[in-house]
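Single-structure report; data block below.
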Amino acid sequence: MSQLKGKRAVVSGAARGIGAGIAVELASQGATVAVNYLHDIELAEQVVAECKAVGGDAQAFQADVSEHDKVEAMIDQIADRFGGLDIVVSNAAYSDRHLMLESDLKEFQRTIDVSMWGAFYMVRAGAAKMVEAGQGGNIVVISSPHAHLAMPGAMAYNMAKAANDQMARTAACELSQHRIR
């Protein structure tokens, strides 16, 4: 039950859904978990309580992952508070669900900003902390069947998830020399 004892993790988009489940599972395995959320502190605090209920430790950290400087500041704060960072889970996503020709371009852009750029910002900031510490680490990028299947009404999300897959493969190649997988 404590395979991750002493490990420090961050999960983006962890206030609900898949991110919340990942955060609780990491905590159940002994990790100290940073629960990233966008707006709803109450939901994030519920996840923190669930993490503690399964024997782990957790804290909530607010940041919009689509903003590079906010992600950098959050990762710095987490690493300072936890004494380092061993695991990054890039999970946060947003999806505009309209046909391409009917899509509001602001919503289309928001989908790309959160689902693609947000993932990149999380991977980049987390990897930089791990490289700086020189102790290796693990980065997980949550993808979707949308990366490979053309799903009408989800073009921006499809594009973002396909980009995430390639980003994760490229990051794995670039970071392996630092013992980051």
Sorting check: for 25-33, 59-67, which peptide has the highest mean count of neighbouring beta carbons within 10 Å, and how do the rest follow? 25-33, 59-67
Sum -39500 (n - 2.57) across every DSSP H segment of at least 4 residues in the chain, then divide by the residue count to get the 222 nm mean residue ellipticity, nearest 500. -15000 deg cm²/dmol
Mind listing the phi-derived Karplus ³J(HN,Hα) values for segment 92-100, rounded to whole Hz, using 6.51, -1.76 and 1.60 with θ = phi - 60°, and x for any glycine or proline? 4, 8, 9, 9, 7, 10, 9, 4, 3
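A 25 angstrom limit on the alpha carbon distance is what I want to check against. Which of K5/K52; K5/K129; K106/K129 exceed it? Present the calculation step by step, with values, prior to reporting the outcome.
Details: K5/K52 14 Å; K5/K129 19 Å; K106/K129 32 Å.
The pairs that break the limit, which is 25 Å between Cα atoms, are K106/K129.
Going highest first, how would you order 84-94, 141-151 by mean Cβ packing within 10 Å? Walk me through the intermediate numbers first.
Details: 84-94: 24.1, 141-151: 15.4.
Ranked by mean Cβ neighbours within 10 Å, highest first: 84-94, 141-151.
Report the Rg/Rh value for segment 125-181, based on alpha-carbon coordinates and the Kirkwood definition of Rh.
Details: Rg = 13.9 Å, Rh = 12.4 Å.
So for segment 125-181, dividing Rg by the Kirkwood Rh gives 1.12.
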Angle in degrees between helix 68-82 and the longest Cα principal axis of the chain, rounded to the nearest 10: 20 degrees
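Going by accessible area, probe 1.4 Å, with all protein chains left in place, what is the ranking of F82, F120, largest first? Please report the intermediate quantities before stating the final value.
Numbers: F82 30, F120 75 Å².
Descending accessible area places them as F120, F82.
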Jot down the per residue volume, in cubic angstrom and as a whole number, of the convex hull over the alpha-carbon atoms of segment 94-153. 75 Å³
Part-to-part distance (alpha-carbon centres) for segment 103-181 and segment 47-65, which is given in Å: 22 Å
Against the globular-protein guess of 2.2 N^0.38 Å, express the Cα radius of gyration of segment 19-82 as a ratio, rounded to two decimals. 1.07
Just the number: Rg to Rh for segment 51-125, Cα atoms, Kirkwood Rh, two decimals. 1.09
Let's see if you can work this out: charge +1 on each Lys and Arg Cβ, -1 on each Asp and Glu Cβ, no other charges. What is the dipole magnitude of segment 1-156 about its Cα centre, in debye to the nearest 20? 460 debye
Run down the aspartates and glutamates and flag those whose C-alpha is under 19 Å from the C-alpha of K70, throwing out any fewer than 8 positions away in its chain. D40, D80, D113
Carbon and sulfur: what percent of segment 49-181's accessible surface (1.4 Å probe)? 54 percent
For segment 1-153, report the convex hull volume of the alpha-carbon atoms normalised per residue, in Å³, without decimals. 108 Å³
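The values are calculated or read from the model by the stated rules, or taken from the named source; none is laboratory data. These numbers come from a predicted model, not from an experiment. Cβ: placed from backbone, ideal geometry, glycine included. Neighbour counts: every protein chain shown. Remember, those area values only see protein heavy atoms, side chains included, never the ligands or the DNA or RNA. Shrake-Rupley method; radii C 1.70, N 1.55, O 1.52, S 1.80 Å.
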